[in-house]
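Reading through the structure tokens given below for one structure.
Each reported figure results from applying straightforward, stated rules to the coordinates on display, with no laboratory input. Fair warning: this is a prediction, and the values are worked out from it, not measured in the lab. Every residue, glycine as well, gets a Cβ built from its backbone with ideal geometry; the counts of neighbours run over all protein chains shown.
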Number of protein chains: 2
Amino acid sequence: MVRTRVIPLAEQLLDTLGEQGYRSTSPRKAVTQAIAGKQGHFTAEQLRQQLPGVGRATIYRSLKLLVDSGALCRVLLEDGNLHYQLSHQGHHHHLLCVECGSSQDLLGCDIEDLLHQVSAAHRFQLSGHWLEVYGRCYDCLPKTATG
Amino acid sequence: MVRTRVIPLAEQLLDTLGEQGYRSTSPRKAVTQAIAGKQGHFTAEQLRQQLPGVGRATIYRSLKLLVDSGALCRVLLEDGNLHYQLSHQGHHHHLLCVECGSSQDLLGCDIEDLLHQVSAAHRFQLSGHWLEVYGRCYDCLPKTATG
DNA sequence: ACCATAATGATACCTAGTCTCGTTAATATC
DNA sequence: GATATTAACGAGACTAGGTATCATTATGGT
Ligand SMILES: [Mn+2]
Ligand SMILES: [Mn+2]
Ligand SMILES: [Zn+2]
Ligand SMILES: [Zn+2]
């Protein structure tokens, strides 16, 4: 009997679903394990190729559940492609490197406050927003001042 | 001979393309006229239905040219659908009403400054961003304090 | 008027995602 | 542990939105 290593985070994801009444099925175990092992953001298609035994509809259904539960966040790349990424906190945004594709969480940003202010000025009742920030991460900056 | 009314803005859009070396063709005239007559945002599909004589590829090609030239901006609705809208100024953002679908340009917003600050704090070289703001416009707010 | 070629539209194709529906398997109850 | 209920599954058809191909047409320069 092979002892498969269960990543704690995967169990946690599954538990989150369980608390919402969703059953703990083996496709969901496979999906949550695969996601828990991911470093950066990924597409549904990548996940699908990694889990050929799981049906396509199930992949998409699981992603939706995890996004709705807050465990995953959607990331819109500059090229328009939608990726997914583990969400370690609540609502937040990403600094996406157009060079290496890495993403950093945007921390200590009072964009919400700013949006509330300007919304009020426009007599607009703010209910949500979508923000993505593109550029180059530190590792991808040209290291010297001249080319 | 029918005298079709040419909307000045349509000519202006066509001129913009002309300055970039693109020919003034009749499909492009049809597209720019249709767009010039639009009030709010619209989808490629709506434009296509309005112009059954223009090929689908041409609709998309024209939209791309106009976005690239800065005459149109893309607007991402909360449901994920991509719309287009005349761009009266340079880079800017929209307050999108989830009730009536209207959009206001977000003015006097120093989000760029804020993003530069926080990017610098993350040692991130900012090159672009995408922001959409969702909520209710003044007309769609409940008019009284109680339900 | 003529020419080079940009632009077009019909069509096939593609990617990402949803829907349907008959089958399977997870949980609750006994 | 057996049974019943029904959530969840997967195969596959389908859809929306958009792109690639390519033979034909129309534009703008001379
Ligand atoms: Mn994140
Ligand atoms: Mn605008
Ligand atoms: Zn990078
Ligand atoms: Zn409204």
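Loop-located trypsin sites (Lys or Arg not before Pro) across the stretch B:43-147 with a Cβ neighbour count of 16 or fewer within 10 Å are B:ARG123, B:LYS143, with loop assigned by DSSP. Each label was represented as a point 7 Å from its Cα along the Cα-to-Cβ direction; for A:TYR22 and B:GLN49 these points are 3.4 nm apart. Each of B:ASN81 and A:HIS116 was given a label point 7 Å from its Cα along the Cα-to-Cβ line. The distance between the two points is 3.2 nm. Note on the protein assembly as shown: Cα-only Rg and Dmax are 22.9, 86 Å. Taking a Cβ cut-off of under 15 Å around A:LEU13, the surrounding Lys, Arg, Asp and Glu residues balance to a net charge of +2, with basic ones at +1 and acidic ones at -1.
Taking every DSSP bridge with both residues inside chain A, close to 70 percent are antiparallel. Over chain A, dividing the summed -39,500 (n - 2.57) contributions of all DSSP H runs of at least 4 residues by the number of residues returns a 222 nm mean residue ellipticity of -11000 deg cm²/dmol. About its Cα centre, the dipole of the stretch B:89-147 is roughly 160 debye, where the only charges are +1 on Lys and Arg Cβ and -1 on Asp and Glu Cβ. Note on the protein assembly as shown: with charges restricted to the Cβ of Lys and Arg (+1) and Asp and Glu (-1), its dipole about the Cα centre is near 1280 debye. Distances between equivalent label points of B:GLN89 across the copies, with each point positioned 7 Å along Cα→Cβ, amount to 3.1 nm, shortest listed first. Put simply, the convex hull of the Cα atoms in chain A casts, on average, a shadow of 13.3 nm². Looking at the stretch B:1-87, the pairs of alpha carbons with a distance over 23 Å make up 17% of the total.
What is the log10 of I(q)/I(0) for the stretch A:89-147, computed with the Debye formula using one identical point scatterer on each Cα and no solvent, at q = 0.17, 0.21, 0.30, 0.31 Å⁻¹? Scattering profile of the stretch A:89-147, log10 relative to I(0): -0.70, -0.86, -1.20, -1.23.
Taking each residue in A:111-121, count the Cβ atoms of any other chain within 10 Å of its Cβ, then average. What number comes out?
Details: counts 5, 0, 1, 5, 8, 0, 1, 9, 7, 0, 4.
What the average comes to for A:111-121 is 4.
Counting other Cβ atoms within 10 Å as a rough exposure proxy, the listed residues A:GLU112, B:GLU132 run A:GLU112, B:GLU132 from fewest neighbours to most.
A Cβ-based charge dipole, computed about the Cα centre of the stretch A:1-87 with Lys and Arg at +1 and Asp and Glu at -1, lands at about 380 debye.
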